[in-house]
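Worksheet: the structure to be examined is printed underneath.
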Amino acid sequence: MSEFELQYKPFGKYSILIEWPQVISEDVLKSVLSYKEALENFDFKQKVYIKSAYNSILITYNIIINNIYDEVLTLKSVFNDNFDSKYIKSKLWMIPVCYDIEFGLDLEEIAKQNNIAISEIISLHSNTIYPVYFIGFLPGFLYLGGLDNRLQFPRKITPRLKVEKGSVGIGNSQTGIYPNESPGGWNLIGKTPINFFDLTKEQPCFAKSGDKIQFVAISRVEYNEITVQVDNGSFNIESKVTND
Amino acid sequence: MIKVLHPGFYSTIQDLGRRDYQHLGVPLSGAMDQHALKSANAILGNDENCAVLEITMLGPNLEFCCDTVITISGADLQPKLNGIKIRLFSATNVKTGDVLSFGRLSKGFRAYLAVSKGFQTEDILNSKSMYKGLTAASRLQKGDLIKLIPTNHINNKYAYVKFDGNIDVDIIVVNKGPEFEHLNNKQINQLFGQEFTISKENNRMAYQLDELITNSLYEIITSLVMPGTIQLTPLGKLIILMRDCQTTGGYPRILQLSEYSISVLAQKKVGDKIIFKLEEYQL
């Protein structure tokens with residue numbers, strides 16, 4: 001049984017939404033991921049698509065759900081049988097980031113407003129291990145938790161029309177990487193040469209929910225070197241298996 | 001091949017979309033009016049997932065560089081082959097050098113051009129649906145060459161389908177969304193007691209509505225959404241997510257369109273009126 005009280009709701013005629021309490025926490029994340037893994041290993045009678053977010057899982061069926069109550073009972077049984085019995089393997093990915101002013105367009109503004117040295121912003125940002133809650137918003141955009149309070153900074157009132165691919169930013173209590181060029185309202189503090197959504201790979205995004213990310217500060221020269229290696233396919237992101 | 005002489009207002013290649021990559025934040029995409037997509041493919045004997053050309057509001061000019069059979073479904077943009085009007089929802093033989101053009105939009109908003117065996121454009125993540133940032137092209141451009149498989153002509157008299165259209169429908173059938181229970185009676189009366197007008201903010205990602213709803217709901221922790229989800233913004237605006245929508249969102253999800261109603265809405269344009277009808281689940 002779960003330590004959380006879960007709600008099961010029909011969401012259209014093809015989907016069921018499972019919801020945890022309205023909080024963002026690593027305990028909820030662990031519970032969501034255990035359930036998700038149990039569902040992914042369950043032998044459904046038809047093809048289903050499973051997605052998760054901070055405190056929810058959406059199961060979408062290929063055909064209209066005939067009897068929502070029976071289906072919910074099935075889903076509940078999957079959870080009871082498997083919860084906590086599985087060991088979820090997750091990885092810690094070391095992501096090189098160049099915090100040069102050239103990329104960190106808003107570093108000076110954050111330093112000024114939050115009364116903190118740029119060197120300290122860099123050290124706080126790169127000394128934290130961030131859990132990946134889920135992927136959404138854009139292909140390969142990781143929702144990360146755990147940003148240090150001292151780095152929190154409101155989104156820009158007027159978003160930039162163009163934020164470059166690989167830009168690392170801060171928006172309120174979140175930090176993240178733009179996987180592709182897009183408009184964006186986050187404050188930019190650096191840039192990574194790493195590709196977060198690569199169509200040439202069988203798994204276009206290397207990270208998954210439950211993994212962890214740590215940023216590693218690199219120089220402008222190293223940024224160029226890694227960019228070349230990423231482009232010719234010779235760069236391997238440093239990673240290690242973690243237990244929790 | 002088809003040569004694009006003029007791309008029209010907004011023309012894209014679409015199929016049923018990318019279902020397998022949503023957990024990576026990849027939008028579903030696919031034809032806005034999937035009812036019309038499936039009808040067009042059925043008329044030509046194609047697989048229902050064959051790629052077609054989605055034509056919005058103003059049609060393209062296309063020159064055929066091989067023989068094939070085509071059909072046009074969905075909106076009526078008064079299609080003409082070599083200047084002669086052709087029938088919708090009917091198979092039409094096309095010869096090398098023929099030119100397909102369109103006239104004024106008279107009904108609906110999106111037309112679908114299907115060719116025998118489907119367009120053979122690039123497959124990205126198991127779909128040919130164009131989406132900016134994923135596919136090399138995000139819409140048709142002048143001078144584009146679209147690949148197709150040349151096909152022998154068929155006997156026309158077997159290929160006319162009497163079509164039960166979704167164009168004149170103005171009732172949008174909805175189910176309760178995950179946050180519906182947080183609405184009060186006044187809000188529910190506003191939702192189901194008036195007509196809504198399609199705003200000028202309407203595209204493949206979402207349709208907004210002009211009329212506002214009194215809003216007292218809090219934003220939610222970013223959660224999962226899908227095409228057909230109706231979100232209520234803090235300012236009381238209703239946003240109906242469409243096929244290219246993001247996979248997650250933070251506004252309360254008050255209603256969910258039926259699959260058929262998403263296709264109905266896809267044929268609406270700015271100023272058109274719709275009415276919501278709540279369908280309760282069968283117990």
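Taken together, the values in this text are just the output of simple stated rules run on the coordinates, not laboratory data. In this text, all values refer to a predicted model and were calculated from it rather than measured experimentally. We place every Cβ from the backbone using ideal geometry, glycine too, and count neighbours over all the protein chains shown.
Summary table below
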item	result
Calculated from backbone phi, Karplus (6.51, -1.76, 1.60) coupling profile of the range A:25-40 in Hz, x at Gly/Pro	8, 5, 5, 5, 4, 4, 5, 4, 5, 4, 5, 4, 5, 4, 5, 5
Set of lysines near residue B:85 by C-alpha distance (under 21 Å), chain-local residues within fewer than 8 positions excluded	B:3, B:95, B:107, B:157, B:162
³J(HN,Hα), Karplus 6.51/-1.76/1.60, whole Hz, each residue of the range A:125-130, x for Gly, Pro	5, 9, 9, 9, 9, 9
Built amide H within the under 5 Å cut-off of residue B:253, gap 5+	B:179
Loop sites in the range B:27-85: GluC sites (Glu not before Pro), DSSP, at most 15 other Cβ within 10 Å	B:48
Reachable aspartates and glutamates, given that their alpha-carbon falls under 14 Å from the alpha-carbon of residue A:91 and they are not under 8 places away in the same chain	A:211, A:238, A:244
Within a Gaussian network of chain B (alpha carbon springs, distance under 10 Å), most fluctuating of B:198, B:146, B:84	B:84
On Cα atoms only, tilt of A:220-231 relative to the major axis of chain A in degrees	40
Lysine pairs meeting the criterion (Cα under 26 Å, 8 or more apart or interchain), as found in the range A:127-228	12
Net length gained if the chain between residue A:43 and residue A:100 were fully extended (0.36 nm per residue, minus Cα distance)	15.5 nm
Amide H contacts under 5 Å for residue A:212, placed H, 5+ residues apart	A:91, A:92, A:93, A:132
Derived scalar couplings ³J(HN,Hα) [the range B:201-217; Karplus, 6.51 cos²θ - 1.76 cosθ + 1.60; whole Hz; x for Gly, Pro]	7, 9, 7, 5, 7, 6, 10, 9, 10, 6, 5, 9, 10, 4, 10, 10, 7
Averaged over A:9-20, number of beta-carbon atoms from partner chains that fall within 10 Å	5
Using alpha-carbon coordinates, inclination of helix B:34-43 to the longest axis of chain B, degrees	30
Interchain or long-range residues, amide H under 5 Å from residue A:136's placed H	A:141, A:143
Calculated [θ] (222 nm, deg cm²/dmol) that DSSP helices of n ≥ 4 give over chain B, each run adding -39,500 (n - 2.57)	-2500 deg cm²/dmol
CD proxy at 222 nm, helix term only [per DSSP H run n ≥ 4: -39500 (n - 2.57); per residue of chain A; nearest 500]	-7500 deg cm²/dmol
Most mobile of A:192, A:60, A:200 in a GNM of chain A (Cα contacts under 10 Å)	A:200
Percent of beta bridges antiparallel (DSSP, the range A:98-234, rounded to nearest 5)	95
For the range A:83-152 versus the range B:78-111, the gap between their alpha-carbon centres in whole angstrom	53
About the Cα centre, charge dipole magnitude for chain B (Lys/Arg +1, Asp/Glu -1 at Cβ), debye	760
Cα-Cα over 25 Å, subset of A:51/A:76; A:30/A:240; A:45/B:132	A:45/B:132
Low-density loop cleavage sites - trypsin sites (Lys or Arg not before Pro) in the range B:73-131, where at most 13 other Cβ are within 10 Å (DSSP)	B:87, B:95, B:104
Neighbour cut-off at most 10 other Cβ (10 Å), DSSP loop, trypsin sites (Lys or Arg not before Pro), the range B:148-255	B:162
Candidates A:161, A:142, A:33, ranked by Gaussian network fluctuation over chain A, Cα under 10 Å, top entry	A:161
Inter-centroid distance (Cα atoms) of the range A:197-244 relative to the range B:206-283, Å	37
Extreme residue, positive dipole direction of the protein assembly as shown, given options A:105, B:13, B:276 (C-beta unit charges)	B:13
